[in-house]
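Novice: Below is a structure I'd like to ask you about.
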Amino acid sequence: MCEIYGFSGKREKELNTDLREFYSHACDHPNGWGLALLDRSVPEITREVCRADRSALLSERLKLPVIAKNALAHIRLATVGNEDYDNCHPFNAVDDSGRSWTLIHNGTIFESDKLNRYVFRQKGETDSERILLYLVDQINEATAKADRELSAKEHFAILDGIVSNSSPKNKLNLLIYDDDLYYVHTSMAGTLFRKKTGTGTLFSTT
């Protein structure tokens, strides 16, 4: 499976040391890499279809300070979908209220009829992208029904319902950021770890 890394901080932190260590695992996850810095209204997302530790683009990026309060990183081992740019994480979509949702995923969705309808809407081929499209559709439907912007608790309830219904019989580690809250989910014991530091919290599959 893929590996994922995330940081959510009380304040900005330089992430270069963490990211160099994370991307050094690319020998076992050679099918693409991605990085999202999430502190702007439009996330700064970089993705590339190549092995991260052989990427000239990533090497140049890490020569400069990578500073963020909220970030996501991904290295891909292709299990669903070809080795292609549109299959690289992170995935991003904007809901009808203008809120940006960014997602990375580790695992595989084996069974989900609700996600199958997105096969013809998505840009790539991954189950991960379908999860995000389904989530944003559910947010849009609830917002239209309420005829107002949803609260953070309502966003969480929708996301909680989606991942709870999707987790049985599937492998699902998710890190999601919605311009406000940082959501973390795992359905596999011992596959997503958390470390609190003085500046925030790190999440990683190793």
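Novice: On a 1.4 Å probe surface of the protein chains, which of Lys145, Lys114 comes out largest in accessible area, and what is the full order?
Specialist: Descending accessible area places them as Lys145, Lys114.
Novice: Still on this structure, please answer the following. Taking GluC sites (Glu not before Pro) as candidate sites, keep only those in a DSSP loop with at most 16 other Cβ atoms within 10 Å, then name the longest stretch of the chain containing none of them.
Specialist: Here the longest segment lacking exposed loop sites spans 1-82.
Novice: Here's a follow-up. Starting from 0.36 nm per residue, how many nanometres of slack lie between Asp113 and Glu48 once their C-alpha separation is accounted for?
Specialist: Answer, rounded to one decimal: 20.4 nm.
Novice: Got a number for carbon plus sulfur as a percent of segment 21-78's accessible area, 1.4 Å probe? Let's see the in-between values first.
Specialist: Values: 1390 of 2630 Å².
C and S fraction of accessible area: 53 percent.
Novice: Take the residue pairs Lys114/Lys196; Lys171/Lys195; Lys145/Lys195; Lys13/Lys169; Lys114/Lys153; Lys10/Lys171 and return only those whose Cα atoms are more than 32 Å apart.
Specialist: Over 32 Å apart, Cα to Cα: Lys114/Lys196; Lys145/Lys195; Lys13/Lys169.
Novice: Here is a follow-up. Determine the gain in length on full extension of the stretch Glu14-Glu149; use 0.36 nm per residue of separation and subtract their C-alpha separation, reporting nm with one decimal.
Specialist: Difference between extended and current length: 45.3 nm.
Novice: Over 17 Å apart: what share of the alpha carbon pairs of segment 15-66 falls there, rounded to a whole percent?
Specialist: Tail of the P(r) past 17 Å holds 33 percent of the pairs.
Novice: If a paramagnetic tag sat 7 Å from the Cα of Met1 along the Cα-Cβ line, which residues of segment 150-164 would have the backbone N under 15 Å from that point?
Specialist: Of the residues in segment 150-164, 163-164 have backbone N under 15 Å from the label point off Met1.
Novice: Taking the solvent-accessible surface of protein heavy atoms with a 1.4 Å probe, what is the per residue accessible area of segment 58-176 in Å²?
Specialist: Spelled out: the 1.4 Å probe surface of segment 58-176, per residue, equals 48 Å².
Novice: Report, in deg cm²/dmol and to the nearest 500, the calculated mean residue ellipticity at 222 nm for the chain, where each DSSP H run with n ≥ 4 adds -39500 (n - 2.57) and the sum is divided by the residue count.
Specialist: -7500 deg cm²/dmol
Novice: Would you mind getting me the FRET efficiency between Ala93 and Ser164? Use the beta-carbon distance for r and R0 = 22 Å, nearest 0.05.
Specialist: Working from the Cβ atoms, E equals 0.60.
Novice: Where does each of Leu35, Leu202 land when they are ordered by accessible area, with a 1.4 Å probe and the largest first?
Specialist: In descending accessible area the options line up as Leu202, Leu35.
Novice: Full extension from Asp86 to Leu64: what is 0.36 nm times the residue separation minus their Cα-Cα distance, to one decimal in nm?
Specialist: Numbers: separation 22, 0.36 × 22 = 7.92 nm, distance 2.61 nm.
Value of the extension gain: 5.3 nm.
The values are calculated or read from the model by the stated rules, or taken from the named source; none is laboratory data. Quick caveat: nothing in here was measured; it's all calculated off a predicted structure. Here Cβ is always computed from backbone atoms with ideal geometry, including for glycine, and neighbour counts include all displayed protein chains. With ligands, DNA and RNA removed, areas are computed over all heavy atoms of the protein, side chains included. Shrake-Rupley method; radii C 1.70, N 1.55, O 1.52, S 1.80 Å.
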